[in-house]
Amino acid sequence: MCTGRVDPAFILRAFSNGADGVYIGGCWPGECHYVTEGNYHALSNVLLMKKVLVHIGINPERLRIEWVGASEGVRFAEIMNDVSKKIKELGPLGTAEGLDLKRLAFKLEAVEKIIPFMRLVERERLRIPLNKEEEYRAFYASDELNRLFKELVADKLALSEIMLLLREGPLSSVEISDSLGLERSDVVRYLNNSVRQGLIRFDENQKVSLPPRAKEHARV
């Protein structure tokens, strides 16, 4: 299977099912068997997911992509041994990061909810016409990318966490802020935007809650 077929949902599913690390191996850049240059698409998705992992408190070294040719058996064995060693050093997913299982599952579910949006963002805003791995890595480490990530992904993820939190019942902006570790000013901004879009509503106690239909959707 071409690495261009690798989707953020595959990576997330592995972590959600308890994998402590994810390794993706592909053809060397410039040696793609297809006109799509799938290995660069995979690299872009992996670099984006690494930023997401950092954002939710997971060590990004748990996700790794390497290039291995069909004739490079020794290199493949060396990489797999190194991957296995590194994951063992990192320890169990979540526990090593100070996240209990419930908190970890919550974070991963919030990411899962925005995967379709992330695919669109990666394709329309983050996929760049570069032909060197170093250029991709430099772009994903740039201030411009960090700005786009905050604007397009981090804010969407915060809203996803808020929506999941509201499944259990109405909450005030202060309670949401304390629970998620978000600035109250950001929470108020997210809530105001969501109210205007009809995603949430204020109750008689001035707490935020999900409309009945939205609550059922959030439980799916």
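Along the charge dipole of region 85-219, pointing to its positive end and built from +1/-1 on Cβ of Lys, Arg, Asp and Glu, which listed residue (G98, A110, L145) has its Cα farthest out? Working it through, the farthest residue towards the positive pole turns out to be A110. A dipole drawn for region 145-206 from +1 and -1 charges on Cβ atoms has a positive end, and of L164, A154, S185 the residue lying farthest that way is A154. Under the combined filter of DSSP loop state and at most 14 neighbouring Cβ atoms within 10 Å, region 57-131 retains these GluC sites (Glu not before Pro): E72. Using just its DSSP H runs of length 4 or more, each adding -39500 (n - 2.57), the chain gives a mean residue ellipticity at 222 nm of -16500 deg cm²/dmol after division by all residues.
Assuming charge only on the beta carbon of Lys and Arg (+1) and of Asp and Glu (-1), the dipole of the chain about its Cα centre is about 540 debye to the nearest 20. Size of the chain from its Cα atoms: along the principal axes, largest to smallest, the extents are 68, 36, 30 Å.
Ordering Y23, Y190 by accessible surface, largest first, gives Y23, Y190; the 1.4 Å probe counts only protein heavy atoms, with every chain in place. Spin-label model, R123/D203: points 7 Å from Cα along the beta carbon direction are separated by 3.9 nm. The lysines within cross-link reach of K207, meaning a Cα-to-Cα straight distance under 29 Å and a gap of 8 or more places when in the same chain, are K102, K107, K113, K150, K156, K215. Take the chain with all the other protein chains still there, run a 1.4 Å probe, and you get 55 Å² of accessible area per residue.
In order along region 62-76, the phi-based Karplus estimate (6.51 cos²θ - 1.76 cosθ + 1.60, θ = phi - 60°) of 3J(HN,Hα) comes to 6, 10, 9, 10, 9, 9, 9, x, 4, 9, 9, x, 5, 4, 4 Hz; Gly and Pro are listed as x.
By how many degrees, between 0 and 90 and to the nearest 10, does the Cα long axis of helix 184-196 differ from the longest principal axis of the chain? Approximately 80 degrees, to the nearest ten. Largest GNM mean-square fluctuation among G30, G94, G181, using the chain with Cα springs under 10 Å: G181. With a Förster radius of 30 Å applied to the beta-carbon distance between S172 and E109, the computed FRET efficiency rounds to 0.85. The calculated FRET efficiency for F10 paired with K86, based on their beta-carbon distance and R0 = 25 Å, is about 0.80.
On the basis of the beta-carbon distance and an R0 of 22 Å, K156 and D100 show a calculated FRET efficiency of 0.35.
Note on region 98-149: semi-axes of the ellipsoid equivalent to its C-alpha gyration tensor, largest first and rounded to whole Å, are 28, 14, 9.
For region 72-176, what percent of Cα pairs sit more than 16 Å apart? Roughly 73 percent, once rounded to a whole number.
The values are calculated or read from the model by the stated rules, or taken from the named source; none is laboratory data. These numbers were taken from a predicted model, which means no experiment stands behind them. Cβ coordinates were reconstructed from backbone atoms using ideal geometry, including for glycine residues, and neighbour counts include every protein chain displayed. Surface areas here come from the heavy atoms of the whole protein model, side chains and all, with no ligands, DNA or RNA. Shrake-Rupley method; radii C 1.70, N 1.55, O 1.52, S 1.80 Å.
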